[in-house]
1. Express in nm, to one decimal, how much length is gained between Ser105 and Tyr28 on full extension, taking 0.36 nm for each residue of separation and deducting their alpha carbon distance.
2. Test of understanding: ordering Thr7, Thr82 by Cβ neighbours within 10 Å, fewest first, what list do you get?
3. Going by how many other Cβ atoms sit within 10 Å of their own, how do Val14, Val67, Val4 line up, fewest first?
4. By how many nm would the segment from Lys2 to Gln112 grow when fully extended, if each residue of separation counts as 0.36 nm and the alpha-carbon distance is taken off?
5. On a C-alpha basis, how far is the centre of the range 59-73 from the centre of the range 110-124 in Å? Whole number, if you could?
Amino acid sequence: MKYVKFTGKFRDLVPDGWEFCKLFARNYRQYNKSATGEEYGQGCRIWQHLGGYLEIADLGALSAKIVEKIKDGTIDEWSSLTKSVFHNGAEIKIYWFKIDGKDDSFHPYNSQRYKEIQREEWALSDIADNETERA
């Protein structure tokens, strides 16, 4: 599994807009920054106690795959323009994808596998709903 490592100076993160916090009982040192600037927007986290491990949203170790697509210029294959209710109806670029839990592969919105994974998720959700109703 590949990881992305922050190689800069941790003390430079806060002046650059990153928020510092200590988490959990062990006071893990973590810096986070929202991609949109909103308090609860999706963004990145850098875990100092793990040697600068970078995490995008909640993707964990899969973050490296996203960084590779950005680095090699192929991330736009996953983008689509949409009007955002959160940005006063402005058109913004969104990157839709599904992760196949069987092999941790990414599938963009316009792919056949994306649709298959979505149907599988819906089927599992329907099964869970039916079991909850019986209980």
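No lab work stands behind these numbers, since they all come straight from the coordinates. Computed from a predicted structure; not experimentally measured. Note that each Cβ is placed from the backbone with ideal geometry, even for glycine, and that neighbours are counted across all protein chains shown.
1. 24.8 nm
2. With the fewest neighbours first, Thr7, Thr82 line up as Thr7, Thr82.
3. Arranged by neighbour count, lowest to highest, Val14, Val67, Val4 become Val14, Val67, Val4.
4. 37.0 nm
5. After rounding, the separation between the Cα centres reads 22 Å.
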